Amino acid sequence: MLLMILFLSIFCLILLPAQAVAGATEGLRLCGTAVIPALLPFLFLTRLIVSYLPQAKSSKSYLGISSQCWPAVLLGFIGGYPTGVSAAVSLYETGKASKQDVQNTLRVCNNSGPGFFVSIIGLKLFQKPLVGFILYGIHLLSGILILLMNSTGSASYSIRRVPDEEKSFHQTFQEALVASCSTMLQICGTVILFSTLLSILRIILPAQLLPLSGFLEITTGILSLNASPTSFVLCSIFMGWGGLCVHAQALSLWHRAGIAPKGYWRGKLLHGTLSGILAYCLLLKNWIYPGLLLIIILAFSLFRKKWGRKKQIHAL
């Protein structure tokens, strides 16, 4: 099946060369004007922050996330896709967190920052920055709810220490720059590939289905919408889900480090679903159902914390 899809893709490139070139060109433009300016500084600073985090002998778990990995979660909500994944992988590569801790963190740390919500959704689509801030609040709340569901109580781990030689700031600066540029190259390559694919799909798919391209690549999908209540809900779903392009970027980062998180896809689907429900209830001004949902999630979290299987202290 996969081989058939690959041959079909080559066939489309041969039949529609103009659309393929236009898509790749648009991907390059998007990388140069939006992706690199928005992400590269965050990736570089993330790498520097991880380099200067202290090496802990043990780490407690809060909401199912190791204390050493919480910076990756916070950076994901500030820097946007895929800053959180880059930070989590860096923690493992530098020996600041165990493989198990990082795999647990990867399920919940790949999120969007406020910049995209305000600039793309608020200003470009709805021409109201407040709409972007509201959707970011929904995105943040949905992520917190997933963290509560991810909680298994507190546990203590003994982290394997990795010998780390003293490095000057200049050396650390250069290593962070090289690593962030390498990550940026992978991300831009993924963006160009998906932009080419979407350019071809615009010819094949009917116009009514084009907004659903947000499930593949969020920027293109969101900019193909109009300013309407339905678009408000769709934007919330797209941003919670992230899009296959973002997930391909995340996969390239953690596979390079030999990490395989469990529950990642389920978590992102749940994030998109919760974000859509909250956005829809906000439009209806009816908070009964999300209130009940919050109670269920809190009860589930408390049940797992009190009666869930406890992890024993062990070296990792």
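What follows draws every value from the coordinates through simple rules; no lab data is involved. Keep in mind that what you see is a predicted model, and the values were worked out from it rather than measured. Glycine also receives a Cβ, built like all others from the backbone with ideal geometry; neighbour counts cover every protein chain displayed.
At-a-glance table
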quantity	calculated
Value in Å of the Kirkwood radius, where the stretch 100-149 supplies the Cα pairs that are averaged	11.7 Å
Positive minus negative residues near Leu197 (Lys, Arg vs Asp, Glu; Cβ under 12 Å)	-1
Prolate/oblate/rounded call for the stretch 1-74, Cα gyration tensor, a/c under 1.5 rounded	oblate
Two-decimal log10 I(q)/I(0) for the stretch 1-124, as the Debye equation yields it once each C-alpha is a single scatterer, q = 0.14 Å⁻¹	-0.75
Trypsin sites (Lys or Arg not before Pro) within the stretch 1-89: DSSP coil, no more than 13 neighbouring Cβ in 10 Å	Lys57
